[in-house]
Structures are given as structure tokens and as C-alpha cells.
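This report refers to the structure that appears directly beneath it.
The values are calculated or read from the model by the stated rules, or taken from the named source; none is laboratory data. Quick caveat: nothing in here was measured; it's all calculated off a predicted structure. Cβ: placed from backbone, ideal geometry, glycine included. Neighbour counts: every protein chain shown.
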Amino acid sequence: MIYCVEDDESIRELVVYTLQSTGFEASGFSSSKPFFTALEQKLPTLILLDIMLPGEDGLTILKKIRSSYQFTKIPIIMITAKSAEIDRVFGLDLGADDYISKPFGMMEMISRVKAVLRRTESETDKSILSFDGIELNQEKHKILVNGTGTDFTLKEYQLLELLMENAGLVMTRDVILERIWGYEFDGETRTVDVHIRKIREKLGELGNNIETVRGVGYRFREHEDA
């Protein structure tokens, strides 16, 4: 799935149509609000992000994405005005993977998209985290519990991934909230406790690998051979 954030309806529709015609799934958004709503529900493989947008501009959106643990690895191509060199520089400094200047041809866009996907896929560590009957496949975003596929929500998956990647280390509730929900999340730390409870339930008897550090946070049990 590729997301295109572009307020010009004619450009947005043409981009989405071209992507779909060349074998990609694609959805378009005119501003940041519907885009972030969709982002919370399904992670795209790439984002095409216009800089000049109503409300939050593309650079602000880019900064938010790159500061959030769950979104930081998504490749982003910025769409800029041909003369806006400073915007391209800021975008690359903030973590954009590439940029394309308006006006641009659809075949040029497809070529850029494929090039960025090839590059980012080759750089991605497609590893599997495995311990004591729990197997988390980071490439397929799937979790096996004693060999059986188990359904986890996006946040549950990301939280378990965070704990397993940092096995043996205590993750405070505040750190978990910042890494998984973003620093602007205005909910309560109880949100973390609720998600941990649900994860433990889905892990069954293996849920005891997630240890509670009273008054601090949580820790995934350190590997015995570590």
C-alpha cells in the first residue's frame, strides 16, 4: 500500500490511478488528519508527501513520522515545488528518502517509487525475534505462539516487538508511550498496562516472559544464553 498526501485533487487522483495501474495498492489523502487516521490503521510500504498542504505542511508531517517509533522505517518521497531547493534540503535532513519536483511525469514518479522501495527493502533487517516459543517475524509482521499464528493489533505487535528487541532492559511506561504512541499522545500510562495485559493473554503461559517492574514499567525476560 502506498499513501499519497496531496491537496491538489487532480494530481492526487492521477498519482493514485497511475500507481494502481502499475500494480500497486494506493490511497490518497488531501490533508494530515485523514492521513494519520489511516496510518494508525494500516502501515503503508511508502508515502508520497507533498510539502504544501493546508493545515500541517509536509515538513511538519514528516517530522512527526520520523519521531514515532512505529512509523520511522516507512520510506517517504517528498513532492516539492521545482524552485523550492531549501524545502528539499530540510526534507532530506528530516529523514526523507527522496524527492520529486513538480511538475513531474507519472513514469518518473513510478521509477522513483520503485528505486526507493528497492533501496529500503535491501537495507531492511528482515529478521525474526524468537524466544521460548514466541516468534516475531519483523518482515511479515506476524507472531507465532508455540508455532500457531496469533492475531495481534498493530499497537500490541509494536509493543511486544519493542520489549523483545530490548530483552533484559526495563522499559518505563513513559518511554513505551513515547516510542509506540508518540510524544504527543495525551492518554494515560494505564494505556500501556491494558495493552500488556492483552498481550499476556494472547501469549498464554508464555506471557510470563513479560515481567512487571513495579512502579517503573516492563521488561522482556533476558535470553538464557545472553
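Here the stretch 8-35 is the region considered, the condition is being among the β-branched types (V, I, T), in contact with a helix residue (DSSP H, G or I) (Cβ under 9 Å, 6 or more places away or on another chain) and not in a loop (DSSP other than H, G, I, E, B), and the residue that is nearest to P103 (Cα to Cα) is V15.
When E139, E201 are checked against the criterion of being loosely packed, with under 15 Cβ neighbours inside 10 Å and not in a helix (DSSP H, G or I), a single residue qualifies: E139. Please identify the pairs in which a residue from the stretch 191-219 that is closer than 18 Å to I180 by Cβ and touching a residue at least 60 places away in the same chain (Cβ under 8 Å) has its Cβ atom under 8 Å from the Cβ atom of a residue that is in a strand (DSSP E or B) and hydrophobic (A, V, I, L, M, F, W, C), counting only partners at least 6 apart or on another chain. Qualifying pairs under 8 Å: L203/I134; L203/V145; L203/I210. Restricting the stretch 144-176 to residues that are among the polar types (S, T, N, Q) and farther than 15 Å from R197 by Cα, the residue that is surrounded by the fewest Cβ atoms within 10 Å (Cβ to Cβ) is T148. If the condition is being among the β-branched types (V, I, T) and closer than 18 Å to A26 by Cα, then the stretch 104-121 contributes I110, V113, V116. Taking the criterion of being in a helix (DSSP H, G or I) and either surrounded by 15 or more Cβ atoms within 10 Å (Cβ to Cβ) or touching a Ser or Thr at 6+ places or on another chain (Cβ under 6 Å) (or both), would at least one residue in the stretch 45-58 satisfy it? Yes, because at least one residue in the stretch 45-58 is in a helix (DSSP H, G or I) and either surrounded by 15 or more Cβ atoms within 10 Å (Cβ to Cβ) or touching a Ser or Thr at 6+ places or on another chain (Cβ under 6 Å) (or both). For the stretch 89-108, a residue qualifies if it is closer than 19 Å to T72 by Cα, charged (D, E, K, R) and part of a helix (DSSP H, G or I), and exactly one does: D93.
Remark: E121 matches the filter, which requires a residue to be among the acidic types (D, E) and part of a helix (DSSP H, G or I).
Using the structure shown, decide if S67 is modelled with pLDDT under 90 and either under 30 Å from K142 (Cα atoms) or exposed (fewer than 15 other Cβ atoms within 10 Å of the Cβ) (or both). In short, yes.
Just one of (1) in contact with a Leu (Cβ under 9 Å, 6 or more places away or on another chain); (2) loosely packed, with under 14 Cβ neighbours inside 10 Å fails for D7. It is (2).
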